[in-house]
Amino acid sequence: MAKQIAAIILAAGKGERMKSEMPKVMHQVSSRPMLGYVLDLVKQAKIRQHVVVVGFKYQDVRAFLPKATKSVVQKKLLGTADAVKQALQYFRSFKGTMVVLYGDNPLLKPETIEKLVAHHVDAGAAATLLTAEIDKPAGYGRILRDRYNSLCGIVEEKDADDFQKRIKEINTGIMCFDRQKLAAGIKQVRPNNAKKEYYLTDVIDILYRAGEIVETVKAEDVREALGINSRVELAAANKIMQQRIQEQLMKDGVTIVDPDSTFISWGTKIGPDTVIYPFTVIEKNVTIGSRCSVGPFCRLRPGTCLADNVAVGNFIEISRSRLSSGARAKHFGFIGDATLGHSVNIGAGTVTANYDGKNKNPTVIRDNAFIGSDTVLVAPIIVGRGARTGAGSVVTRGRNVPDKATVVGVPAKVVQPKKR
Ligand code: UD1
Ligand code: CA
């Protein structure tokens, strides 16, 4: 991409329609704040400089931003034009293309931005807008075209008349501008609309009337245009993101038996020939090796790592734990803060009692140990190599089980193995 490109990401809004105490851009899509996806876009499209405009609960948003990311606080949420104006302070001497991205638009793809910018530069335009044709345009700004079919303005839903409301071509919110023309246009924006806000979209009409070239590019995949304003749209975005995440994993060799009932967080790594059975939930920060079998009805929580050839079955929850190759936990149970060695077998109903009311304590189960059904392992505890626990035993805290020993009972005690 050409060198002289900078981006402004708008993320100051409260997100009234979310009915939330949390800034809208921090709401999660597939276990990641939606703003994260927009930050990725800037990187993927190789845009070197960018500034994020923060406002509502800006400390929370800033805490999420990478340290090197510049942000500017919009003190009063006066509208998208005002937000861009705040960011422009950082670009006073910049000559080139400014891309404006909305933080509530996480499904956009970098190729689309690249296409938009390329068109903008080729056309020598003052502004170029990404539009989309959608069946239910309610809520979006509608594209107005003059008699030559050229873009001449954008009308917001709240300001649109009945005729305009029927227009199906919408403003995705993604635009690029010549920096100087943007700055000049913004100065002329007035808040004379239903929301009494300074609309960035008015800059289009201002530039058009000044005789400048304003261009449009249509998004090929309308789903990319989804702007998230409500929880319903959040759920829709999540569904699309799940599809993208899962399709990528499938391309990389993972079998997902029923994508619709499976939830896989963004960033999950899964090796080839692993099979994910229905109703599996994989939370963030989970790694799964090759040739594993997961689910059905399995919940893998943050900090879990399954090595190769691990089998975890139904109704089991695994949290902050590492299972080494060949480990099996095929039936209901809970494994938390645990480290399992190679080929450990976890019987049905096993529970690591990791929480004593104050602290989370670790459980270590060494290679080839066999945990009998319905065992409770009260942490901190170590079960030695090749050791066994009898069905229903309660191994109390600190009473480590020696290598190869067998323990049974409540509380569990070492017994001599019967000769068979
Ligand atoms: C906006 C567009 C609309 C477009 C739609 C696409 C305007 C006026 N309208 O409407 O044409 O179809 O997006 O999704 O631009 N923000 C700030 N500061 C503010 C106000 C908003 O930073 O003072 C940020 C928000 O955090 C959000 C983005 O700007 O990320 C868009 O604001 P939002 O209120 O969601 O605009 P829409 O009503 O969706
Ligand atoms: Ca929006």
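Filter segment 172-196 down to the residues that are among the hydrophobic types (A, V, I, L, M, F, W, C) and within 16 Å of ligand 2 (Cβ to nearest atom), then identify the one that is surrounded by the fewest Cβ atoms within 10 Å (Cβ to Cβ).
Result: Ala194.
Being part of a helix (DSSP H, G or I), at pLDDT 95 or above and more than 26 Å from Val51 (Cβ to Cβ), is that true of even one residue in segment 110-119?
no
Can you pull out the residues in segment 102-133 that are of a type in the set (A, V, I, L, M), touching a helix residue (DSSP H, G or I) at 6+ places or on another chain (Cβ under 6 Å) and either open to solvent by 40 Å² or more (accessible area, probe 1.4 Å) or within 16 Å of ligand 1 (Cβ to nearest atom) (or both)? So that I can check it myself, show each step before the final result.
Step one: of segment 102-133, the residues of a type in the set (A, V, I, L, M) are 107-108, 113, 116-118, 121, 123, 125-127, 129-130, 132.
The next check asks that each one be touching a helix residue (DSSP H, G or I) at 6+ places or on another chain (Cβ under 6 Å); those that pass are 107-108, 126-127, 130, 132.
Listed by number, the residues that qualify are Leu107, Leu108, Ala127, Leu130, Ala132.
How many residues does segment 338-353 contain that are under 29 Å from the mean Cα position of the chain (by Cα) and open to solvent by 30 Å² or more (accessible area, probe 1.4 Å)?
Residues in segment 338-353 being under 29 Å from the mean Cα position of the chain (by Cα) and open to solvent by 30 Å² or more (accessible area, probe 1.4 Å): 1 in total.
Please work out if Lys75 is more than 29 Å from Ala236 (Cβ to Cβ), open to solvent by 10 Å² or more (accessible area, probe 1.4 Å), at pLDDT 95 or above and outside any helix (DSSP H, G or I).
yes
Answer yes or no as to whether Ser265 is in contact with a strand residue (DSSP E or B) (Cβ under 9 Å, 6 or more places away or on another chain) and in the same structural domain as His331 (by TED's automatic domain parsing).
For Ser265, the condition - in contact with a strand residue (DSSP E or B) (Cβ under 9 Å, 6 or more places away or on another chain) and in the same structural domain as His331 (by TED's automatic domain parsing) - is met.
Mind checking whether some residue in segment 197-206 is open to solvent by 60 Å² or more (accessible area, probe 1.4 Å) and over 34 Å from the mean Cα position of the chain (by Cα)?
no
With the condition kept exactly as written, say whether any residue in segment 23-33 is in contact (Cβ under 8 Å) with a residue 40 or more places away in the chain, assigned to a helix (DSSP H, G or I) and open to solvent by 80 Å² or more (accessible area, probe 1.4 Å).
No, every residue in segment 23-33 fails to be in contact (Cβ under 8 Å) with a residue 40 or more places away in the chain, assigned to a helix (DSSP H, G or I) and open to solvent by 80 Å² or more (accessible area, probe 1.4 Å).
Going by the conditions given, is Glu317 assigned by TED's automatic domain parsing to the domain that holds Lys168 and either open to solvent by 40 Å² or more (accessible area, probe 1.4 Å) or among the polar types (S, T, N, Q) (or both)?
Answer is no for this residue.
Could you list, in sequence order, the residues of segment 120-170 that are of a type outside the set (Ser, Thr, Tyr), assigned to a strand (DSSP E or B) and within 20 Å of Gly185 (Cβ to Cβ)? Full working, then the answer.
From segment 120-170, those of a type outside the set (Ser, Thr, Tyr) are 120-127, 129-130, 132-139, 141-147, 149, 151-170; that's our starting set.
Still in the list and also assigned to a strand (DSSP E or B): 127, 129-130, 132-133, 142-145, 151-155, 169-170.
Correct list: Ala127, Leu129, Leu130, Arg142, Ile143, Leu144, Arg145, Leu151, Cys152, Gly153, Ile154, Val155.
Note down all Cβ pairs under 9 Å where the first residue falls in segment 110-134 and is over 21 Å from Ile9 (Cβ atoms), the second is at pLDDT below 95 and in a helix (DSSP H, G or I), and they're at least six residues apart or on different chains.
Filtered contacts from segment 110-134: Glu133/Val222; Ile134/Val222; Ile134/Ala225.
List the pairs whose first member sits in segment 82-101 and is crowded, with 17+ Cβ neighbours inside 10 Å, whose second member is in a helix (DSSP H, G or I) and aromatic (Phe, Trp, Tyr), and whose Cβ atoms are under 8 Å apart, counting only residues at least 6 apart or on separate chains?
Here the result reads Met98/Phe91, each pair linking segment 82-101 to a residue that is in a helix (DSSP H, G or I) and aromatic (Phe, Trp, Tyr).
Need the failing condition index for Gly398 against (1) loosely packed, with under 15 Cβ neighbours inside 10 Å; (2) more than 42 Å from the chain's Cα centre (by Cα), just the number.
The single condition Gly398 does not satisfy is (2).
Residues of segment 287-314 being among the β-branched types (Val, Ile, Thr) and open to solvent by 10 Å² or more (accessible area, probe 1.4 Å), which ones?
Thr287, the sole residue that qualifies.
The values are calculated or read from the model by the stated rules, or taken from the named source; none is laboratory data. This is a predicted model, so every value here is computed, not measured. Every residue, glycine among them, receives a Cβ derived from its backbone with ideal geometry; neighbour counts consider all protein chains shown. Protein only, heavy atoms only, side chains kept; ligands, DNA and RNA dropped before computing areas. Shrake-Rupley method; radii C 1.70, N 1.55, O 1.52, S 1.80 Å.
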